[in-house]
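Below is one structure, written out as structure tokens; the observations come after it.
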Amino acid sequence: MPHALDQDLPRDWWKAAVVYQIYPRSFADGDGDGIGDLRGVLDHLDHLEHLGVDVVWLSPVYRSPQDDNGYDISDYQDIDPVFGSLEVLDELIAALHDRGIRLVMDLVVNHTSDEHAWFADSRSSRTSARRDWYWWRPPRDGHTGGEPGAEPNAWRSFFSGPAWEWDEATGEYYLHLFSRKQPDLNWENPEVREAVYAMMRWWLARGVDGFRMDVINLVSKPEDLTDGDSFHAVADGPRMHEFLAEMHREVFADHPRAHLTVGEMPGVDVDQARLYTDPQRREVDMVFQFEHVDLGIGAGGKFDRTPVTMPQLRASLMRWQTGLADRGWNSLYWDNHDQPRAVSRFGDDDPAWRERSAKTLATVLHTLRGTPYVYQGEELGMTNLPFAELGQLRDIESLNHVAEQAGAGVGFEELLPGLREVARDNARTPVQWSARPGAGFSDAEPWIGVNPNHLEINAEAQVGVAGSVLEHYRTLIALRHDLPVVAHGSVTPLAMDHPDLWAFGRELEGEQLLTLACFSREPLALPGELLEGWAEAEVVVSTSAEAAAGVQEGGVLLGWESVVLRRR
Ligand code: ISL
């Protein structure tokens, strides 16, 4: 019997799809070692099917020394034993496909692990066949290698410190934009690109349905490796569009099945994103842009926080809505494995407001134009963990930051507020399946602490429970499948000067939606002109019956509630 995936789909099928991100280490532990794995994913497919998601994006499960939790790959064509094996992955592909869910793998090809065979060969001698697969450079003129300041340029790694590592044996530096165990591949070398494309074809042949491409807009480096801020010097480099078009030709153009490509692109702007995602250019289907999650970065970098208001957040996302209205496509996300929990960051995680604000964030995201991504646990309203001690942190980014600051005389206590706000470990605490010890994630001691609020916030308490955060997500996901206006309609930003009301209209062939969302504890009086002509409209989604009644009967939107109206 043909299953859901055998149907002929339009090339842009993903416009009506919702993607669920699994960070396997933190999702579910199937073999009792305290670390999430593929068996754990297989154990929870009912959850994904109940939610109704179309695609799973799986963060890296390849062989890896786990310096950056799998974003440092030592073998692209094998599974790390901590997560399972190729056989279990095959089982997962089949089980997902049986349920009509596609699988998108993480593609981490800006860099490999320093333990990858390619790098071992590259570093073995200056004349090795793969020397030029990575970025090797001599010390700066007049400097001795290994001394402070001798690095070829002043680029800084994303994870603190210089982006160059001295290799004593061959007397050169190699480039690593991330950790020193993540050397950057040299995409200028056609052999590197060929090897990457061959590996991608191998995965597609194995049955996966696409790739989320890690920091893909950093692969084209400026030729002269100019000085300056590393990140801006390398984002959207000179050959980026050429490389993506080539990848599309080499990997996807003749691929017979429906697939999805999404490029993760720190620093990308709307104009570049429009080019990357213009369907006629055949580069990628959509990009992850960072503008809304980079709001709040202070002069001292990511952990130096400045306040962000709702109007700033709204202005940013609505600009992307307008910017990609006619050409290109948006990915929509509030959080992922690198970001704090959505409800703690953009909502209100006080127990009195948590559920309402989590649902309202979902209402906004899932009725915008673009493909929504749900990060594991977001659908439960999971929150940040109030870290208090260094021993609770696991992430290399945070640990390197603490070590670097310690060197500059800044103590942990002083860093704590910033870490609590944006440490990536906030997103990496175990998914809260139940109120049991270990949150139903594992019976063993989990590799990272469980949030104590799993007693109240967990899947078991929400599945099938009317009004729960989870059921609200389920309703919104179904809405995207059922109403073409949600997937394909145009967007009109409304009341853009209101301090607390996030409102917008959607329209497709005479069918209209109006999303109204309150971003404050205080009820707000809806501007009269906004509701003109909507008196008879149907409420298609609301965060509560009271919220719907408030809008329809009194023109009032209650604190942190949201309502979506529909008319023809
Ligand atoms: O996490 C970040 C914010 O602190 C970003 O700087 C992040 O490093 C950037 O978004 C790239 O992320 C991706 O590549 C990294 C990996 O650590 C992240 O988990 C991944 O999503 C290196 O592979």
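Worth a mention:
- From least to most packed, judged by other beta carbons within 10 angstrom and beginning with the fewest, Arg239, Arg341, Arg568 follow the order Arg568, Arg239, Arg341.
- Considering only Val410, Gly438, Gly347, and ranking their Cα positions along the charge dipole of the chain that arises from unit charges at the beta-carbon of Lys, Arg, Asp and Glu, the one farthest toward the positive end is Gly347.
- Over all orientations, the chain has a Cα convex hull whose mean projected area works out to 25.7 square nanometres.
- The lysines whose alpha-carbon is closer than 23 Å to the alpha-carbon of Lys181, local same-chain residues fewer than 8 away aside, are Lys221, Lys302.
- Folded to 0 to 90 degrees: helix 545-554 orientation relative to the chain principal axis, Cα: 60
- Residue-normalised convex hull volume from the C-alpha trace of the range 385-490: 156 Å³ per residue.
- Only Lys, Arg, Asp and Glu carry charge here, each on its Cβ (+1 for the first two, -1 for the last two); on that basis the chain has a dipole of about 860 debye about its Cα centre.
- Principal semi-axes in Å for the range 112-184 [√(5λ), Cα gyration tensor, largest first]: 19, 15, 8
- Straight-distance candidates among the lysines for linking to Lys359, with alpha-carbon spacing under 26 Å and chain neighbours fewer than 8 residues away dropped: Lys15.
- Environment charge at Ala461 (Cβ cut-off 14 Å; Lys +1, Arg +1, Asp -1, Glu -1): -3
- Spread of Cα-to-Cα distances over 5 Å intervals beginning at zero, given as percent, for the range 487-567: 3, 16, 29, 28, 16, 7, 1, 0
- Range of Cα positions in the range 408-469 per principal axis (Å), largest first: 51, 30, 15
- Taking packing as the residue-averaged number of other Cβ atoms within 10 angstrom, the listed peptides 330-337, 519-526 run from highest to lowest as 330-337, 519-526.
- With the largest listed first and rounded to whole Å, the semi-axes of the equivalent ellipsoid of the range 331-436 from the Cα gyration tensor are 28, 15, 12.
- The range 308-361 versus the range 215-286: alpha-carbon centroid distance in Å: 24
Here, each number is a calculation from the coordinates, and none is a lab measurement. A quick note: this is a predicted structure, and the numbers were derived from the prediction, not measured. Cβ sites come from the backbone with ideal geometry, for glycine too, and all protein chains shown count toward neighbours.
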